[in-house]
Amino acid sequence: MKLTTTFATLAALLPFALGQSAEWGQCGGIGWTGPTTCVSGTVCTVLNPYFSQCLPGSSSSAPPTTTTSSSSPTSTAPTSTATGLNKLAQAAGKKYFGTATDNSELTNKAYTAILDNKSEFGQLTAANSMKWDATEPSRGDFTFSSGDQIANLAKANGQLLRGHNCVWYNQLPSWVSSGGFSAAQLTSVIQTHCSTLLTHYKGQAYAWDVVNEPFNDDGTWRSDVFYNTLGTSYVQIALEAARAADPGAKLYINEYNIEYTGAKATALLSLAKSLLAAGVPLDGIGFQCHFIVGQVPTSLQTVMQQFTALGLEVAITELDIRMTLPATNALLAQQETDYENVVKACMNVKGCVGITVWDFTDEYSWVPGTFSGQGEACPWNQNLQKKPAYSGITAAL
Ligand code: 9MR
């Protein structure tokens, strides 16, 4: 036993003696002064400007800052010992498995112990604190302290950040929605907001939901101050301002109920085509995936592929699967299957870059507050215990 421990310790130290990072170790990023090469069988992969990591595989995947040492790759292929949702997702070639979180939750130590665990979560989204009402509550008065708390946490944990969001009809201060602006004035309001927001987080966000929920479920445009004042052009205005502010961020349109084939998915597909044809900067489509147990759409993979066929990437951005309470073993078992199927859909689509759950615990889910009598939508329960849903996710990864 003692001998094994000593040998294991020496073996673990060997990469450092060779100046290499171990599998899953850091190998680069702003401020990193440690090794910049990886042990054999792993590749130094840029996850964000602050964090490059030695991921299992050879140098054919994402552009590495540096590649593996030249030691013989003919030995047994690396068997993945990955545990944790993010580790598994990355081992399977995805960029991240992530979660939404909110500022008020960060005082719960038991919660943050899981949130900060990069094996589980490699990406964070601020559930509320980067929205318009939080960041520009009155015109020109920008407040980033709450958003910064989430961004800084992601940075400290070596996690990617998804920015959410720039232009949305909801959580929009009345100075915008009822401002009586002309088209020219509202254009400037959008440009200032998107530009200031993305400039503030420049270099930190992997992606931004630049436009959120532009369509009604029947595929018509949502009637809000943006559409009513500017027509469809507001989408282009926002995307162009976002690109100019942070050229490194992937720019997304994020939407729900596009997981089903039908009018809404068709409307977004034709918008995406026309934006790309016009040279408007659009990189990705977010599939929110707020689902109901037993009713997960079988069309998810097909619809995602319709978008990736245009050259766009896609991501599952707000996954949760709710049920009518009380939870039963049968419902929890169905939820396990449902989570597995949703994650599988992303796994089956090469251009699906990652999956984000809309918070990981039932303790902080938005569902019970919005859908009376429903809940239990997350993979961890209210007591921060993993549910069968967790196994559904790992089975798919
Ligand atoms: O999780 C968010 C919740 O705390 C807010 O009260 C709610 C208000 O609009 O927004 C929730 O997040 C939404 C997200 O920003 C966009 N897609 C739907 C999400 C759930 O409502």
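Can you compute 3J(HN,Hα) from phi for each residue in the stretch 217-224, using the Karplus curve 6.51 cos²θ - 1.76 cosθ + 1.60 with θ = phi - 60°, rounded to whole Hz and x for Gly and Pro?
Listing the rounded values in order: 5, 8, x, 7, 6, 5, 7, 9 Hz.
Does the stretch 270-397 come out rounded, prolate or oblate, given a ≥ b ≥ c as the square roots of the eigenvalues of its C-alpha gyration tensor, rounded meaning a/c under 1.5 and, failing that, prolate meaning a/b above b/c? Don't skip to the end; give the middle numbers.
Details: a/c = 2.49, a/b = 1.99, b/c = 1.25.
Since a/c reaches 1.5 and a/b is larger than b/c, the shape of the stretch 270-397 is classed as prolate.
If you stretched the chain out fully between Thr261 and Ala92, how much longer would it get, using 0.36 nm times the residue separation minus the C-alpha to C-alpha distance? Don't jump to the answer; show the numbers that get you there.
Numbers: separation 169, 0.36 × 169 = 60.84 nm, distance 2.70 nm.
Full extension from Thr261 to Ala92 adds 58.1 nm.
How do Leu239, Leu186, Leu332 rank when sorted from fewest to most other Cβ atoms within 10 Å of their own Cβ?
With the fewest neighbours first, Leu239, Leu186, Leu332 line up as Leu332, Leu186, Leu239.
Exposure proxy check: Phe142, Phe215, Phe97, Phe287 ranked by fewest other beta carbons within 10 Å?
Numbers: Phe142 15, Phe215 22, Phe97 29, Phe287 26.
Ascending Cβ contact count within 10 Å gives the list Phe142, Phe215, Phe287, Phe97.
Counting other C-beta atoms within 10 Å, which of Tyr252, Tyr364, Tyr234 has the fewest, and how do the rest follow? Intermediate results must be reported in sequence, preceding the final value.
On the way: Tyr252 29, Tyr364 20, Tyr234 23.
Ranked by crowding around the Cβ, least crowded first: Tyr364, Tyr234, Tyr252.
Assuming a ≥ b ≥ c are the square roots of the Cα gyration tensor eigenvalues, decide whether the stretch 247-290 counts as rounded (a/c under 1.5), prolate (otherwise, with a/b larger than b/c) or oblate. Write down the numbers at each step before the final one.
Details: a/c = 4.33, a/b = 1.39, b/c = 3.12.
Verdict is oblate for the stretch 247-290.
Each reported figure results from applying straightforward, stated rules to the coordinates on display, with no laboratory input. Note that the coordinates shown come from a computational prediction; the quantities given were computed from them, not determined experimentally. All Cβ positions, glycine included, derive from the backbone under ideal geometry; neighbour counts span all protein chains shown.
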